[in-house]
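Sending over a structure as structure tokens; questions will come in a sec.
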Amino acid sequence: MTKLTLRELEVRGQRVLVRVDFNVPTEERDGQIVITDDTRIRESLPTINYLREEGAKAILMAHFGRPKGKPVGKYSLRPVADYLHTLLDRPVAFSHDTIGNIPEEIIAHMNEGDVTLLENVRFHPGEEANDPVFAESLAGLGDLYVNDAFGAAHRAHASTAGVPRFVKQAAMGFLMEKEIQYLSHELATPAKPFLVILGGSKVSDKIGVIKALMEKADTILIGGAMANTFWKAQGVPIGSSRVEADKLDLAREILDLAKKKKVRFLLPVDAVETQKVEPGSPGRNTSRVSLAHGITDGWQAVDIGHATISLYEDEIARAKTILWNGPVGVFEIPAFATGTIAIAEALARSKATTIIGGGDSVTAVKQAGLADKMTFISTGGGASLELLEGKELPGIAALSDRL
Ligand code: ADP
Ligand code: MG
């Protein structure tokens, strides 16, 4: 790794600004904001606890929702401060302002081992604009900077890419290190056979990832609505299935590339089809798809079928490294979640290194109750895709180089 890590910083007595990813899903229940999945908060605890134990003053910065540059009550991080208080079992000071007198005053009174959370950085228009004046004001609150917000690392915002320029040293936190370890280093030299499972809604969302992984993967399995585009590109009838009609050439290009690179590129061999994509709408398994037979006119493919499930299960059983991104069906509707759950279960049974690449696939694994059976689950959606594409993430690029 070329970037400085938290362990290499002298943090004792220092004011350490820590960018964390506290953008957690919430629900309003009886007028109260309730955190429905606290994974991102829990995943930041190793970094926060390390700073406490080492006698640093941890000043946490985060964004929450999309308040668009002005204070919006429902996007306040106050409930997260309270939640963190319970998790850490010690008080967490909360600053109602992100910059200026209020945080300065609170920070001036911090002792070694104390933790303060600043209000949502996106309450300021300077955050998303990566305004240097705002970044410098944030940086002025601390001595050192640590970025542990992997889920926000693909954004060049003030608290991710701006602040590091105005502090002495800027390092990766433990979560950031772990994400890079699995999504980048581990997959650079994967144990073979290396299997990639790609699903989700659009080929266009995943094109960069497909092309990058084509260099490394032995086999790629396709599922989700993406499969429809590949089918149509080859002339398989897809009925009224969701498709990217303007991406057929792109799909053919990918199929050719797979041949050229000698990557086994497998499309589903059957599907579950339905007339309406809604709960309660009956589904049925198609027969094997071919140029003559595909999805029925007026019906839509919403999941991989039985034959595909067993085919994919065999592939999973043989692999040594497996990367999965994107559900293989409309898993939000229980009747169409069978394929996605079967994939999650097959991964859970496998002895391979299993890496789940963020976003809806993570939700699916959690819903199946199999999260603790996977080797690594990314906390980032967009960020994990960009890292898998081999892109440089602004929140990582901005950190200090290791000497
Ligand atoms: P991820 O977040 O894991 O990268 P995506 O965001 O690309 O995944 O795609 C997830 C979405 O794809 C889900 O909302 C799911 O309902 C949808 N999807 C999967 N298969 C189909 C299908 N056959 N038809 C329509 N939508 C699908
Ligand atoms: Mg998604």
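Hey, rough spin-label estimate for residue 245 and residue 49, points 7 angstrom out along Cα→Cβ, what's it come to in nanometres?
Modelled inter-label distance: 5.5 nm.
Here is a follow-up. Which whole-number percent gives the relative contact order of segment 6-174, counting Cα pairs below 8 Å spaced six or more residues apart?
Taking the mean separation of contacting Cα pairs over the length of segment 6-174, I get 29 percent.
Pop a pseudo-label 7 angstrom from the Cα along the beta-carbon direction at both residue 264 and residue 111 and give the gap in nm to one decimal.
6.2
While we're on this one: Taking the chain as the reference, fit the longest principal axis to its C-alpha atoms, fit the long axis of helix 248-260 to the helix C-alpha atoms, and give the angle between the two in degrees, 0 to 90, nearest 10.
Between the helix axis and the principal axis of the chain, the angle is about 90 degrees.
If you plug each phi of segment 230-239 into the Karplus form 6.51 cos²θ - 1.76 cosθ + 1.60 with θ = phi - 60°, what whole-Hz ³J(HN,Hα) values come out, in order, with x for Gly and Pro?
Rounded to whole hertz, the list is 5, 4, 4, 4, 9, x, 6, x, 10, x.
Quick one: length gained pulling residue 278 to residue 37 fully straight, 0.36 nm per residue minus the C-alpha distance?
Result: 84.3 nm gained on full extension.
Considering amide H positions built from the backbone, and no H for Pro or chain starts, which residues 5 or more places from residue 18, or on another chain, come under 5 Å of its amide H?
59, 60, 61, 146
Evaluate the distance, in nm, between pseudo-label points positioned 7 Å from the Cα of residue 366 and of residue 317 along their respective Cα→Cβ axes.
Taking the simple label geometry, residue 366 and residue 317 are separated by 3.1 nm.
Could you work out how far the C-alpha centroid of segment 154-230 sits from that of segment 365-396, in angstrom?
Rounded to whole Å, the Cα centres lie 7 Å apart.
Under a cut-off of 20 Å between alpha-carbon atoms, report the aspartates and glutamates in cross-link reach of residue 211, not counting same-chain residues fewer than 8 places apart.
Here the aspartates and glutamates satisfying the reach criterion relative to residue 211 are 186, 244, 246, 249, 253, 256, 386, 389, 392.
Hey, which lysines would be in cross-link range of residue 276, C-alpha to C-alpha under 29 Å, not counting anything within fewer than 8 residues on its own chain?
Here the lysines satisfying the reach criterion relative to residue 276 are 202, 206, 232, 247, 366.
Spelling out what I want: for every residue of segment 178-190, take phi, set θ = phi - 60°, compute 6.51 cos²θ - 1.76 cosθ + 1.60 (Karplus), and round to whole Hz; glycine and proline get x.
5, 4, 5, 4, 7, 7, 10, 5, 4, 7, 6, 9, x
A follow-up question, please. Per-residue counts of other Cβ atoms within 10 Å, averaged by peptide: what ranking do you get for 3-15, 97-109, highest first?
Highest mean packing first, the order is 3-15, 97-109.
Report, ordered by chain and residue number, the lysines lying within cross-link reach of residue 57, taken as a straight Cα distance under 24 Å and ignoring same-chain residues fewer than 8 apart.
The qualifying lysines are 3, 168, 178.
Could you tell me what percent of the DSSP beta bridges with both partners in segment 181-389 are antiparallel, to the nearest 5?
25
Can you give me the C-alpha center-to-center distance between segment 79-106 and segment 15-57, rounded to a whole angstrom?
So the two Cα centres are separated by 11 Å.
While we're looking at this one, here's another question. Tally Lys and Arg at +1 and Asp and Glu at -1 over the other residues with C-beta under 11 Å from the C-beta of residue 107: what net charge comes out?
After counting each charged neighbour, the total is -2.
What percent does the relative contact order of segment 126-282 come to when contacts are Cα pairs within less than 8 Å and at least six residues apart?
16
By how many nm would the segment from residue 234 to residue 397 lengthen if fully extended, with 0.36 nm per residue of separation less the alpha-carbon distance?
Roughly 54.6 nm would be gained on extension.
Which whole-Hz ³J(HN,Hα) couplings does segment 346-352 yield from phi under the Karplus relation 6.51 cos²θ - 1.76 cosθ + 1.60, θ = phi - 60°, glycine and proline marked x?
Once rounded to whole Hz, the list reads 5, 5, 5, 6, 5, 8, 5.
So for the chain: antiparallel DSSP bridges make up what percent, rounded to the nearest 5?
25
Just so you know, all these numbers are worked out from the coordinates, no wet-lab data involved. All values derive from a computational prediction rather than experimental measurement. Backbone-built Cβ (ideal geometry, glycine too); neighbour counts: all protein chains shown.
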